[in-house]
Amino acid sequence: MFTSVLMIEKALTSADVEFVTTLHGDEQVAFHVLLQPRGDQADRLLRAIDDIALGELDDAVREGGTPEGEEARSVGQQALDVSLQALRSAGSRAEGRLVEDHPLDALKSLVGEVGADEVIVLTDPHYVEEFFHRDWASRARHKVGVPVLKLFSHSKA
């Protein structure tokens, strides 16, 4: 069985689930999902800049209302539960956990713990972070010791 660690930031859409579960053809895949709830003020600013770059001005204005702290963890847990159920319904094995601090450390640890064959980072575009190679996928490539595939979410959850 092929083992993938899947890093996400929001609930998977049905298109995302279909995409990641068909990447390896008929080979059975076990997913270990890491979801980091929305971050702090600096993350909010970067998300707003990304929204503006995408021409989504209404989304940029709403970034101030994004859940933080305990509320973000609750929303994150719901997103994780929905994603795991969707992966299982598609016929894959799936388990997961929330990551609150140091997502790349958690990623590296999980890759070693489960003997992962690959890491898939599935997020919305983050132009500022990507430009400076500070996004999860760019930083993970130097840390985890397995191939890292960067994919963009197909649509908003």
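Only the coordinates and a few stated rules stand behind these numbers; no lab work does. Note that the coordinates shown come from a computational prediction; the quantities given were computed from them, not determined experimentally.
Between amide H atoms placed 1.01 Å from N, distances below 5 Å from residue 7 occur with 34, 120, 121, 122, all of them 5 or more places distant or on a separate chain. Per-residue Karplus couplings for the stretch 102-116, computed as 6.51 cos²θ - 1.76 cosθ + 1.60 with θ equal to phi - 60°, are listed in order as 6, x, 6, 5, 5, 4, 4, 4, 5, 4, x, 4, 9, x, 4 Hz, Gly and Pro entered as x.
Amide H to amide H, with H built 1.01 Å from N, residue 94 comes under 5 Å of 31, counting only residues 5 or more places away or on other chains.
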